[in-house]
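Peer 1: The structure under discussion is supplied below as structure tokens; questions concerning it will follow.
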Amino acid sequence: MSYKTILVQLDGLPRCEARVELSARMALEYESHLLGLAPTGLVHLPVEAGAGLSGSPEHVQAARAGFSQRARAAVDRFVEHAKACGVKSCEGRIEEDDSIGAIVAHGRCSDLVVVGQTDHHATTPILSADFPQQVLLRVGRPVLIVPYAGEFKALGGHVLVAWSDKRESVRALCDALPLLHKARKVSVVCFKAIGDHAGQHPAQQRLSALREWLARHGIASQPRLEVTDIDVGNAILSNAADLGADVIVSGAYGHSRLSEFILGGVTRTLLAHMTVPVLMSH
């Protein structure tokens, strides 16, 4: 498996350029086709944006034209940036759809989806506050979420894999194999809360089995079990900082309740407080 097609979200916000640059570097690294997608958000705008489009047909038409122009500008900047970075295979697309639906539809025909962390200080009407979460839970592909603050000149030099015996964790690890193959160092950490009555011995056995499985894929890893007195989400972030990891790999945990997706606490913490890019799968 490799990341032969990388999809990057284009939204015209200030951090979009950093997201495109990171995606372009990955496209060069993996010899990928890079697709920049700019949804206009005109089909199902969030409620707060819909109120601004009420009025005469002329006002609605002008608003639609404005959203389309911004999408076109984002695509033009993307193509220029990607080519300047040396990406050989790239294209920009405008999608007349809401942002979540467009990214999910195109993401299902991609190997990796790159989106931005929600920045509540830089907003656009076409993006809901839970945009990354909804993409994660719907797309069925690995999603790389890029923080809204910080510079990320390198990705995958040191990968921290947050491991647990859950389906989502297994999925994320398998989806990250191309990243792990190129990493200089791979740390696999299983976090155990103080007072957790599950024995340490079975966990150590599973980590040993995981190390052997990765070794058969040609990946050297350093697995360990860590007992923590803080919540697991913050323990992951703390370990990433202490180890100098430049990317975190984690399952995206959550379940559906009626028509609403409810995220697990670890996933919420990572999405809210990440300081390095996080690759997640659900």
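Every number in this text was worked out from the coordinates using simple rules, so none of it is lab data. The shown structure was predicted, so the numbers you read here are calculated from the model rather than taken from an experiment. Note that we place each Cβ from the backbone using ideal geometry, even for glycine, and neighbour counts take in every protein chain shown.
Peer 1: Please give the length that would be gained between Asp119 and His273 if that part of the chain were fully extended, namely 0.36 nm times their separation in residues minus their C-alpha to C-alpha distance (nm, one decimal).
Peer 2: 54.4 nm
Peer 1: Assuming R0 = 51 Å, can you tell me the calculated FRET efficiency for the pair Asp165 and Gln69, based on Cβ-Cβ distance, to the nearest 0.05?
Peer 2: Between Asp165 and Gln69 the formula returns 0.55.
Peer 1: Which listed residue (Gly116, Ala162, Ser99) has the Cα farthest towards the positive end of the charge dipole for the chain, taking +1 on Lys and Arg C-beta and -1 on Asp and Glu C-beta about the Cα centre?
Peer 2: Positive-end residue among those listed: Ala162.
Peer 1: Efficiency by 1/(1 + (r/R0)^6): what FRET value for Asp231 and Asp130, r their Cβ-Cβ distance, R0 = 30 Å, to the nearest 0.05?
Peer 2: It comes out at approximately 0.90.
Peer 1: Now for a separate question. Taking the alpha-carbon distance from Lys192 and a cut-off under 13 Å, which aspartates and glutamates remain once sequence neighbours fewer than 8 residues away in the same chain are dropped?
Peer 2: Asp165, Glu226, Asp229, Asp231
Peer 1: Pairs of alpha-carbon atoms within less than 8 angstrom and 6+ residues apart define the contacts here; what relative contact order does the chain have, in percent?
Peer 2: 19
Peer 1: Which angle between 0 and 90 degrees, to the nearest 10, do you get for helix 57-84 versus the longest principal axis of the chain when only C-alpha atoms count?
Peer 2: In the chain, helix 57-84 runs at an angle near 50 degrees to the longest axis.
Peer 1: Can you compute the FRET efficiency between His217 and Glu29 using 1/(1 + (r/R0)^6), with r the Cβ-Cβ distance and R0 = 22 Å? Round to the nearest 0.05. Each step should come with its number before you reach the end.
Peer 2: On the way: r = 18 Å, r/R0 = 0.82.
So the FRET efficiency works out to roughly 0.75.
Peer 1: Once the convex hull of the alpha carbons of segment 138-237 is built, what does its volume come to per residue, in cubic angstrom?
Peer 2: Details: hull volume 12.4 nm³, N = 100.
Dividing the Cα hull volume of segment 138-237 by its residues yields 124 Å³.
Peer 1: Let me know the Rg and Dmax you get for the chain when you use only its Cα atoms, in Å.
Peer 2: Expressed in Å, the Cα Rg and Dmax of the chain come to 19.6, 69.
Peer 1: Calculate how steeply helix 200-216 sits against the longest principal axis of the alpha-carbon atoms of the chain, using the helix alpha-carbon long axis, and give the answer as 0 to 90 degrees to the nearest 10.
Peer 2: Relative to the chain, helix 200-216 is tipped by roughly 70 degrees.
Peer 1: Rounded to the nearest 10 degrees, what's the angle between the helix 16-30 long axis and the longest principal axis of the chain, both from Cα atoms, 0 to 90?
Peer 2: Helix 16-30 and the main axis of the chain meet at about 60 degrees.
Peer 1: Among the lysines, which have Cα under 24 Å from the Cα of Lys4 when same-chain residues fewer than 8 positions away are ignored?
Peer 2: Partners within reach: Lys83, Lys88, Lys153, Lys182, Lys185.
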